1. Can you go through THR19, THR55 and tell me which one is touching a Ser or Thr at 6+ places or on another chain (Cβ under 6 Å), at pLDDT 95 or above and of a type in the set (Ser, Thr, Tyr)?
2. For residues that are touching a residue at least 24 places away in the same chain (Cβ under 8 Å), hydroxyl-bearing (Ser, Thr, Tyr) and part of a strand (DSSP E or B), scanning just region 22-59, find the one that is surrounded by the most Cβ atoms within 10 Å (Cβ to Cβ).
3. For ALA66, only one of the following conditions fails: (1) free of Cβ contacts under 8 Å to residues at least 12 places away in the same chain; (2) within 21 Å of ARG5 (Cβ to Cβ). What is its number?
4. Would you mind stating whether LEU10 is at pLDDT 95 or above and surrounded by 15 or more Cβ atoms within 10 Å (Cβ to Cβ)?
5. Quickly run through region 83-106 and pick out the residues that are without any contact (Cβ under 8 Å) to a residue 60 or more places away in the chain and not small (Gly, Ala, Ser).
Amino acid sequence: MYIERHSVVLATDADGACTAYTDIVTGLLSQISYAKTDFADGVDFVVTVEETGETLWSETNVNASAVRAPRQLTYTSTGSSIAYAATFGVYDKIAIAKSRIKIVIAQGGDTKSGTLHFMIQ
């Protein structure tokens with residue numbers, strides 16, 4: 001299995017905000033790693049696929065470095081969600097096809113920084 005890392009160094013403006021993008025990626029999102037440098041505690045992240053607007057990670061009030069492995073619910077060809085043992089949803093990695101990943105930061109603090117690493121299979 002081949003895994004590619006796409007890293008984006010983020011730097012906030014005086015308002016504590018930042019919008020940044022990865023290069024174009026294609027593959028399955030395995031995980032997102034946030035490496036805190038000096039963002040303020042309580043930073044908010046909204047990470048989406050630029051082409052489709054699909055949310056990959058949305059979390060508020062993050063205080064420390066973190067790793068997230070986003071997944072999406074799977075569906076049959078008729079639109080019914082797939083369940084395991086009739087009660088547990090079945091989730092799978094999120095496919096990204098020739099699109100950039102958009103990162104929006106809020107409440108990161110005045111001119112602070114951090115890095116997001118995207119692992120793509």
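1. Exactly one residue qualifies, and that residue is THR55.
2. Of everything passing the filter in region 22-59, TYR34 is surrounded by the most Cβ atoms within 10 Å (Cβ to Cβ).
3. Against the list (1) free of Cβ contacts under 8 Å to residues at least 12 places away in the same chain; (2) within 21 Å of ARG5 (Cβ to Cβ), ALA66 comes up short only on (1).
4. yes
5. Scanning region 83-106 gives TYR84, THR87, PHE88, VAL90, TYR91, ASP92.
The values are calculated or read from the model by the stated rules, or taken from the named source; none is laboratory data. Bear in mind that the values here come from a model prediction, so they are computed numbers and not experimental data. Here Cβ is always computed from backbone atoms with ideal geometry, including for glycine, and neighbour counts include all displayed protein chains.
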